[in-house]
Each structure stands twice: as C-alpha cells, then as structure tokens.
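Working notes for the structure below.
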Amino acid sequence: MMNSLHKLMDLTERVAEFQKKDLNPFVAAKGNPRILVLGPQHHGKSSAVNHFHRCLTCNLSQNDQMCQAPAGVEEKTKATKNLKISFGTSSISFIDTMAFSNMNAETAGQLQTLLCTGIKDGLRRNHLGQDQKSWFSKPPSAAILVMSLCHFRDQTDEMQTYLQQAVKIFKHAARGRVEFPYVLVLTHRDKFLKECGANPCTELKQTVEKIKEAASTEYVYSITNYQRDSSASARNNKATFDLLSQLLTLARNEKTATRM
C-alpha cells in the first residue's frame, strides 16, 4: 500500500505527465484551455474547482480558492469566477458558474449563452441573456458537469431528467453546429460508499452505469474532492487526471468557435 509521501509523489508525476502529454499540445494547437464547471446547487461544484487547484499545484494544504456553502443554505456562487493555474507560459483556467438547479427553458437558454459567448469574470445570472446570437469571442474550451452521487441516489428520476436535458444542450450547442465537449464528474464518492449497504462497490458501479446512460457518455469519473489537508489517494489522483486528459482530448478535436 502506498504511504502518504508516495501518494504525493504520484500526484507530482501525474501533473508532469499531464502537462507534457495533454496541456502543452493543446496550448500549441488551440491556446490556453478554459474549462466551464457547472452543475446543480450543493453537488460539489466549487469544491471540485478547489480540488483541481490542489491537484494541479501538488499542494493539498492550499486554502480554498472558491467559496463553498453547506447544503441547505443560500447558494454561494453568485457570479462566474475564473481560477487560472499557470505552468510557465501556459495555463489552464476553470470557470466556476452559478448553480443550474434545473434545466427549464430559461436556464437552458442561459447555458447556451455560456457555451456560445465570451465569458467575463463576475457575470451574474440576471445579466446572462438567453440564447444570445454572438461570435465566440473567447469561448470555453470544454465543460465539466458536476453531479453528486448521493443526490443521484436520493433523487434518481429528477437527476436523470436533469442530465438528459443538459446533454441535449451540449449536443446541440450553437444551434446544432457544435457538439460541445464535456465530461461528467461524480462527487461525494467517499460519503456514497460509506452510506452503501453490504456491497458498496457493486452499488457504486450500478449507479455509475445509470448515470452514463442518462448522460449519454462513457466519460464519467467518480472522485472525492480534496479538502484542505486531505490525505492523498492514488485512486483519486488517477481519476482526476484521467478526466482532465480526456477532456482536453475531446476539446482539441472540436471547434467551438462557431457562430450560433
């Protein structure tokens, strides 16, 4: 079993490999990637951005970069916030968004706008027009859709519908001209497993398969967001960098800069 030092070394090695094999080639081809992070309220979206920051900086003792709110209180993310992580002259940015608690006509239009227009830091929901006709002045490169395993277990029908509606928007971005690249990140893995019955691994596998079907993708990754001073996990490191690598591959092969 790997001790803590070896797990941190594993994280450092994965960052170096990601930069060499994924980030640098992407930057050379398309510029610095900008990743949209979205999902329902209290599913671990802002926590996921903090997790990516800790992983990519190889520092699990880092303070939170994005504010988090406990479940049951008012949403914390009121406006889009950009977190840029530099690697020499290259960088990768994660854009934390306000929660999309459902995918009704209004929020679906707002998501289309996020996918299809340049995103400014501090953009608030009431300033986010629906289905705006615009050039991608500086569009996001790809999207990470965040969903809690525990929420999916407890609200299966509602969450399946949410995923199906979100995927429809990704598949038909820019009025059907772009299949917007995305992966699905499943959070609260440790809590889900702890609350399972006699066969937690089987329950996790079955739940992930249901989510893959609803989200119409094989690119589904279950993680536990690293909190400040978390213990490193080789499994968590692998899942995190597998999803980032796959996301940049999808984004590199899709031209998102298309008129609506």
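What follows draws every value from the coordinates through simple rules; no lab data is involved. None of these values were measured; they are calculated from a predicted model. Using ideal geometry, Cβ is built from the backbone for each residue, glycine included, and neighbour counts are taken over all protein chains shown.
Return the long-range amide H neighbours of Y182 (sequence gap of 5 or more, or a different chain), with a cut-off of under 5 Å between placed amide H atoms.
Those qualifying (amide H under 5 Å, at least 5 residues apart or on another chain) are A143.
What ranking, highest mean first, results for peptides 50-61, 6-17 when packing means the other Cβ atoms within 10 Å averaged over each residue? Intermediate results must be reported in sequence, preceding the final value.
Working: 50-61: 19.8, 6-17: 16.2.
Descending packing order for the listed peptides: 50-61, 6-17.
Got a sec to turn the phi values of the stretch 49-55 into Karplus ³J(HN,Hα) couplings, 6.51 cos²θ - 1.76 cosθ + 1.60 with θ = phi - 60°, whole Hz, x for Gly and Pro?
These are the phi-based 3J(HN,Hα) values: 4, 4, 4, 4, 5, 4, 5 Hz.
Ordered by packing density, taken as the mean number of other Cβ atoms within 10 Å over each peptide's residues, highest first, how do 181-192, 18-29, 241-252 rank? Walk me through the intermediate numbers first.
Numbers: 181-192: 22.7, 18-29: 15.9, 241-252: 20.0.
Averaged packing, sorted descending, gives the order 181-192, 241-252, 18-29.
Can you compute 3J(HN,Hα) from phi for each residue in the stretch 27-44, using the Karplus curve 6.51 cos²θ - 1.76 cosθ + 1.60 with θ = phi - 60°, rounded to whole Hz and x for Gly and Pro?
For the stretch 27-44, the Karplus-derived couplings read 4, 5, 8, 9, x, 5, x, 10, 10, 7, 10, 9, x, x, 5, 6, 9, x Hz, x marking Gly and Pro.
List, in the order given, every pair from K84/K238; K21/K191; K84/K194; K21/K255 whose Cα-Cα distance in the structure shown is over 24 Å. Mind showing how you got there, number by number?
Working: K84/K238 22 Å; K21/K191 33 Å; K84/K194 34 Å; K21/K255 20 Å.
K21/K191; K84/K194, as the Cα separations exceed 24 Å there.
Could you list the square roots of 5 times each eigenvalue of the Cα gyration tensor of the stretch 154-197, that is, the equivalent ellipsoid semi-axes, sorted largest first and rounded to whole Å? Present the calculation step by step, with values, prior to reporting the outcome.
Numbers: eigenvalues 172, 31, 4 Å².
Over the Cα atoms of the stretch 154-197, the semi-axes work out to 29, 13, 5 Å.
May I ask for the equivalent-ellipsoid semi-axes of the stretch 192-260, computed as the square root of five times each C-alpha gyration tensor eigenvalue and listed largest first in whole Å?
Numbers: eigenvalues 160, 69, 18 Å².
Calculated on Cα positions only, the semi-axes equal 28, 19, 10 Å.
Once phi is turned into θ = phi - 60°, what whole-Hz ³J(HN,Hα) does the Karplus curve with 6.51, -1.76 and 1.60 give for every residue of the stretch 157-170, x standing for Gly and Pro?
4, 5, 6, 4, 4, 4, 4, 4, 6, 5, 5, 4, 5, 4
Determine, for each peptide in 94-103, 34-43, 199-208, 142-151, the mean count of other beta carbons within 10 angstrom over its residues, then list the peptides with the highest first. Mind dumping the intermediate values first?
Details: 94-103: 20.9, 34-43: 22.6, 199-208: 13.8, 142-151: 24.6.
Descending packing order for the listed peptides: 142-151, 34-43, 94-103, 199-208.
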